[in-house]
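S.K.: Structure incoming, see below.
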């Protein structure tokens, strides 16, 4: 009998037209009592009220008794891998005769079976349907909760066998919920509470479930713990947990229960990712083959399993295959997971070398929904490096470090520091680049990132070891090809494996290979913007300006492209105003192509002068002479509407930039809970501060910037001192305090400490 809204409305309209309940009911072949009820509902609330449910739900007459139901549920809880047939055999031995369908129906109501295959995922509660009985009880509980009757509402919730995702359960205090509801609520809370608190709650819940021998619920809860550990970058802890709970998924007659396909697949993917992070790519690839085999056995494959395969391929640096999986699953995902998949595809697009397209897209799309802020800045840093803007690349990498979230920190620190090191190498600061890599290596060893450790060692030592070994990460093989001098093969390998950004970064450590190809008139395959970097172009000059204390100037100049660069300290005799102008240039036009309007220089240095252009010309002449700068490298251009000072061939780096870079890294390490490593970076940053900057430089710009830098350094020192005090490291705190007090003599904050 059709009882949808349209039919009910038609029946009510017929009654009003005919005027008799019995005649109308007879005409429509429905009980007149039913029609009476619909008419009453319509009169009470109109058309919308006809959507009301019929009456209180009654259980099926042949429902299994509660005692037997408990035994069937207990079988699945104690043996998660048990099949329906095996369960029937065990029940028969106990004298309980029940059909396979009967057992299945019980398991379905309790969330052990009947999953929706088209959207099955590790958040399994969303893959189970809400039964009619459960839906009615949930509705009643919601009504009671609105009236403030929390205890009564929770009692109704606790009586439901299984409750898929809903908002009400998150509002009920834990003390009112039974263990089943707590397991479901805990799954819903993933990502909504801090990871540390979530892990603590998970372990308490697991202990209680194990105590009550609820191993199925424990299996589900432990999977959330494994996913949290994966997010936090704890592969060694993760692999221990995986090995433990895999024992709960055993085979019956040589086969796994298809009801446990999802946890088995999830654990296998997590295990492969663990081994990839730990550097055991052989094991990771073997497990990936098993995952593919598991998928081939499924007639209906959930898009979430395809998404997991894509994530695994990303960890194995199989970006081409990852692209295939993400594109295949995109349309079937929920909106939030779809954004993550789009973020991965966005990343792959960059790895293919589509920098211009990626950068253009970043300006148009709501990028916050695709990628975290830290990775957004990292994308831009890589793009800046390809455009030959090293200053901006380092600046953006620093921003990325500052914004890294806890789960991103381990990989993020490596990627950003590698980008910064490669950038320094690109501007001819080879020793500085190596120093950054050596410091990063200490951090990476502590964080136990094997692949990243190998990459840094190979860049520093340039050994050809393992070149013939097949099972190595593509990014490692790329360096090995460069180490062996096989430039062309390395480039095409990077193109095939979607490693173009890696190639562009690594090549700054191999300028001799570029020099040989240019000399032999062979293509370099590099953008012209990269080839303009000082390490590849001897016509450019790099100055390292240290002004956090007494001014020091270093000049880095390419002699021959095959022999990299040469660094020398310059002896100079500059007036305070000349020094101020030099620092001004270093911070405002730090790389070729940058300009400063002459008006801004005139207002800052010669506000009341009648002939500021002459003063600037004299100052520039003295600077060029003392620092041996060709006149066309700092050129006054009067083309266009406003005259400007243009940088045509100089790269500037400063110790202030280094300070900010180290502070950004220290902050990231502190957020990751790596105090010893963070402390080392903080101390290294404070060593760069040798005194008060801009001494006896009284132009307005220098005064303003001096105050900004002093407040920044002061703030970081005070923060570090407070952290040392909290950790009872008073000796280091006193040492930094004394240094700060000496430098910042007039600081009120240091007097208060």
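We did not get these values from a lab; they are worked out from the coordinates using the rules stated. Model, not experiment: these values are computed from the prediction. Note: ideal-geometry Cβ built from the backbone for every residue, glycine included; neighbour counts use all protein chains shown.
S.K.: Listed highest first by mean packing, meaning other Cβ atoms within 10 Å per residue, what order do 699-707, 617-625, 313-321, 675-683 come in?
M.R.: By packing density, highest mean first, the sequence is 313-321, 675-683, 699-707, 617-625.
S.K.: Evaluated at 20 °C with a viscosity of 1.002 mPa s, what Stokes-Einstein diffusion coefficient in µm²/s does region 88-190 have when Rh comes from the Kirkwood expression over alpha-carbon pairs?
M.R.: 144 µm²/s
S.K.: What's the ranking of 421-428, 391-398 by average number of surrounding C-beta atoms within 10 Å, highest first?
M.R.: Details: 421-428: 28.4, 391-398: 23.5.
Highest to lowest by the protection proxy: 421-428, 391-398.
S.K.: Now, a different point. For a quick size check, give me the Cα extents of region 560-661 along its three principal axes, largest first, whole Å.
M.R.: Result for region 560-661: principal-axis Cα extents of 48, 30, 30 Å.
S.K.: While we're looking at this one, here's another question. With a Cα-only, solvent-free Debye model of region 393-454, what are the log10 I(q)/I(0) values at q = 0.20, 0.24, 0.30 Å⁻¹?
M.R.: For region 393-454, the Cα-only Debye profile gives -0.75, -1.01, -1.25.
S.K.: If you work out Rg/Rh (Cα atoms, Kirkwood Rh) from the coordinates, which of [x] 1.10; [y] 1.07; [z] 1.00 do you get?
M.R.: Computed from these coordinates, Rg/Rh (Cα atoms, Kirkwood Rh) corresponds to label [x].
S.K.: Can you work out the base-10 log of I(q)/I(0) for region 337-531 at q = 0.09, 0.17, 0.18 1/Å, using the Debye formula on its C-alpha atoms alone?
M.R.: -0.32, -1.22, -1.38
S.K.: Does anyone have the angle between helix 132-146 and the longest principal axis of the chain? Alpha-carbon axes, 0 to 90°, nearest 10?
M.R.: In the chain, helix 132-146 runs at an angle near 60 degrees to the longest axis.
S.K.: Please state, rounded to one decimal and in Å, the Kirkwood hydrodynamic radius that region 5-51 gives when every pair of distinct Cα atoms enters the mean of 1/r.
M.R.: Working: mean 1/r = 0.0979 Å⁻¹.
Evaluated on region 5-51, it is 10.2 Å.
S.K.: Give me the percent of DSSP beta bridges within the chain that run antiparallel, rounded to the nearest 5.
M.R.: Numbers: 19 of 24 bridges.
In the chain, approximately 80 percent of DSSP beta bridges are antiparallel ones.
S.K.: Evaluate region 193-248: find the radius of gyration of its Cα atoms, find its Kirkwood radius, and give the ratio Rg to Rh. Walk me through the numbers on the way to the answer.
M.R.: Working: Rg = 10.9 Å, Rh = 11.4 Å.
Using only Cα positions, Rg/Rh for region 193-248 is 0.96.
S.K.: Moving on to the next point. Enumerate the whole-percent occupancy of each 5 Å bin, from 0 to the last occupied one, for all C-alpha pair distances of region 66-114.
M.R.: Result returned by the calculation: 5, 22, 41, 26, 6, 0.
S.K.: Computed FRET efficiency, Cβ-Cβ of residue 212 and residue 641, R0 56 Å: what is it to the nearest 0.05?
M.R.: Computed FRET efficiency for residue 212 and residue 641: 0.10.
S.K.: Debye calculation, C-alpha points only, no solvent: report log10 I(q)/I(0) for region 249-336 at q = 0.17, 0.19 Å⁻¹, in the same order as the q values.
M.R.: Taking Cα atoms of region 249-336 as identical point scatterers yields -0.72, -0.88.
S.K.: What share of all Cα pairs of region 479-540, in percent, falls into each consecutive 10 Å distance bin?
M.R.: 22, 60, 18, 1
S.K.: Describe numerically, in nm with one decimal, the distance between label points set 7 Å from Cα along Cα→Cβ at residue 292 and at residue 247.
M.R.: Here the answer is 3.2 nm between the modelled labels.
S.K.: Here is a follow-up. Which value in deg cm²/dmol, rounded to the nearest 500, describes the helix-derived mean residue ellipticity at 222 nm for the chain, given -39,500 (n - 2.57) per DSSP H run of n ≥ 4 and division by the residue count?
M.R.: Details: 37 runs with 466 residues, N = 753.
Calculated at 222 nm, the ellipticity per residue is -19500 deg cm²/dmol.
S.K.: Moving on. For residue 445 paired with residue 7, estimate the spin-label separation in nm (one decimal), with each label point 7 Å from Cα along the Cα-to-Cβ line.
M.R.: So the two model labels end up 7.6 nm from each other.
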